[in-house]
Amino acid sequence: MNLTYFFTQVAIIAFGGIITVVAAYFLLKNDIQNYFRFKTLEANKDSRGSLFPLRLQAYERLIIFTERINPANLLVRLHQQGIGVKELQAIILNDIKSEYQHNITQQLYVDSVSWNVVRKLKDDTIAMINNVVQGLPETATGIDISKKVLQHMSGIEENPYDLTIDHLKKDIHKLF
């Protein structure tokens, strides 16, 4: 067998194989790129999809928090017969702070604007309770706090608790 003939045949076959692989690559190039692009999109979708239930739960918990610190609900839930002003104030402030601390991690999953709205509502509620108590005499009772707070709330044109819940609902709908 001639060595030159052998190498010529190997070179022809190798050249033909290289041409075939290059041609196949150019024919399948778009399919290969689409496959990897799809895999990347799918991975991103999975990571966003796994956060969706957590984000939805965070908004649910913040709506519950807003409802729980609403004075109409808060005073009914925490009022005790014959309790003094300072005692009820302490119970109310402790409950608001405890509820807030329980939900503080929800800020990881909600829009920063929404979190700031909820935080400001909490701060405003605490300030309102403190201001009402300061305006009452030492002999006042828990019922006096309730009356003053509810009078103050009825004087507000737009209920901030309802506005906060509406804001959170709008933010939830942006998720879809």
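When a 1.4 Å probe is rolled over the protein heavy atoms, the share of accessible surface on the chain that falls to carbon and sulfur comes to 60 percent. Only lysine pairs 8 or more places apart or on separate chains count here, and in segment 31-176 those with Cα atoms under 26 Å apart total 25. Relative to the longest principal axis of the Cα atoms of the chain, the long axis of helix 160-175 lies at roughly 10 degrees. Along segment 56-70 the Karplus relation, 6.51 cos²θ - 1.76 cosθ + 1.60 evaluated at θ = phi - 60°, assigns HN-Hα couplings of 4, 5, 4, 5, 4, 5, 6, 5, 4, 4, 4, 5, 5, 8, 4 Hz to successive residues, with x for each Gly and Pro. Counted by Cβ distance under 13 Å from G142, the other residues give a net charge of +2, where Lys and Arg count +1 and Asp and Glu count -1. Here the label points at Q57 and T4, each 7 Å from Cα along the C-beta direction, are separated by 7.9 nm in the simple model.
Taking the inverse of the mean reciprocal distance over all distinct Cα pairs, the Kirkwood hydrodynamic radius of segment 21-162 comes to 18.5 Å. Per-residue Karplus couplings for segment 118-131, computed as 6.51 cos²θ - 1.76 cosθ + 1.60 with θ equal to phi - 60°, are listed in order as 5, 5, 5, 4, 4, 5, 5, 5, 4, 4, 4, 4, 4, 5 Hz, Gly and Pro entered as x. Based on protein heavy atoms only, segment 1-151 ends up with 67 Å² per residue of surface accessible to a 1.4 Å probe. As a calculated quantity, the FRET efficiency between T139 and K97 at R0 = 22 Å, using C-beta atoms, amounts to about 0.25. Simple rule: put +1 on each Lys or Arg Cβ and -1 on each Asp or Glu Cβ in segment 1-130, find the dipole, and look at M128, A23, L3; the Cα lying farthest toward the positive end is L3. Summing Cβ point charges (Lys, Arg +1; Asp, Glu -1) relative to the Cα centre of the chain gives a dipole of roughly 540 debye. Within segment 69-151, the GluC sites (Glu not before Pro) that combine a DSSP coil assignment with at most 16 other C-beta atoms in a 10 angstrom radius are E138.
The values are calculated or read from the model by the stated rules, or taken from the named source; none is laboratory data. Everything numeric here is computed off the predicted structure, so don't read it as measured data. Here the Cβ is made from the backbone with ideal geometry for all residues, glycine too, and neighbour counts use every protein chain on show. What goes into the accessible areas is simple: the full protein's heavy atoms, side chains included, and nothing from ligands, DNA or RNA. Shrake-Rupley method; radii C 1.70, N 1.55, O 1.52, S 1.80 Å.
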